[in-house]
Amino acid sequence: MYTRRDNVIVTGFPETPNESVFEIFKNISSAINNSPLTSNDLSTKDSIKPIVLKFVRRQDKVTWLSDFKKTASQNKDGPGWHSN
């Protein structure tokens, strides 16, 4: 489906009470030095198990994933990911 092409599925984060998908996104983005994007660039509902990040613009997803992959290749212990 075309709607899934804007999604990234993030796994490997332990669930904690009162956690926010948007806060997790912000923390991951900060860790991978992807500061231009904010939670406003997601059309994701705040839900857990697994975390589905739905980007507003596909190019934002591509850029974010590229930054994530660069960081993950340097740090093999990071969380898992899957892109639709």
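Of all residues being more than 9 Å from the chain's Cα centre (by Cα) and under 14 Å from V52 (Cα atoms) in segment 1-14, which is surrounded by the most Cβ atoms within 10 Å (Cβ to Cβ)? Just the residue, please.
The first filter runs over segment 1-14 and keeps only residues more than 9 Å from the chain's Cα centre (by Cα), leaving 1-6, 11-14.
After this cut, where a residue has to be under 14 Å from V52 (Cα atoms) as well, the list is 3-6, 11-13.
Numbers: T3: 8, R4: 11, R5: 12, D6: 20, T11: 11, G12: 11, F13: 17.
That would be D6.
Suppose we filter segment 1-21 for residues that are among the aromatic types (F, W, Y) and in contact with a strand residue (DSSP E or B) (Cβ under 7 Å, 6 or more places away or on another chain); how many remain?
Our first condition is that a residue be among the aromatic types (F, W, Y); within segment 1-21, this holds for 2, 13.
Restricting the remaining residues to those that are in contact with a strand residue (DSSP E or B) (Cβ under 7 Å, 6 or more places away or on another chain) gives 13.
Within segment 1-21, residues that are among the aromatic types (F, W, Y) and in contact with a strand residue (DSSP E or B) (Cβ under 7 Å, 6 or more places away or on another chain) number 1.
Restricting segment 51-72 to residues that are open to solvent by 40 Å² or more (accessible area, probe 1.4 Å) and within 13 Å of F25 (Cβ to Cβ), which is farthest from the chain's Cα centre (by Cα)?
V56
Could you list, in sequence order, all residues of segment 1-41 that are among the small types (G, A, S) and modelled with pLDDT of 80 or more?
The first filter runs over segment 1-41 and keeps only residues among the small types (G, A, S), leaving 12, 20, 29-31, 35, 39.
Of everything in segment 1-41, those that are among the small types (G, A, S) and modelled with pLDDT of 80 or more turn out to be S20, S29, S30, A31.
Name the single residue, out of those in segment 13-58 being among the aliphatic types (A, V, I, L, M) and not in a strand (DSSP E or B), that is nearest to K69 (Cα to Cα). I'd like the intermediate steps shown before the answer.
Taking segment 13-58 as the starting set, the residues that turn out to be among the aliphatic types (A, V, I, L, M) are 21, 24, 28, 31-32, 37, 42, 48, 51-53, 56.
Add one more test, that the residue is not in a strand (DSSP E or B), and what stays is 21, 24, 28, 31-32, 37, 48, 56.
Working: V21: 20, I24: 17, I28: 12, A31: 12, I32: 9, L37: 16, I48: 22, V56: 20 Å.
It comes out as I32.
Residue under question is I51, and the condition is that it be in contact with a strand residue (DSSP E or B) (Cβ under 7 Å, 6 or more places away or on another chain) and modelled with pLDDT of 75 or more; does it hold? Even if it seems obvious, please write down each step before you answer.
On the way: in contact with a strand residue (DSSP E or B) (Cβ under 7 Å, 6 or more places away or on another chain): yes; modelled with pLDDT of 75 or more: yes.
Taking the combined requirement at face value, the residue satisfies it.
The values are calculated or read from the model by the stated rules, or taken from the named source; none is laboratory data. Everything quoted here is computed from the prediction, not taken from an experiment. Positions of Cβ are backbone-derived with ideal geometry, glycine not excepted, and every protein chain shown enters the neighbour counts. The area values use the complete protein model at the heavy-atom level, side chains included, leaving out ligands, DNA and RNA. Shrake-Rupley method; radii C 1.70, N 1.55, O 1.52, S 1.80 Å.
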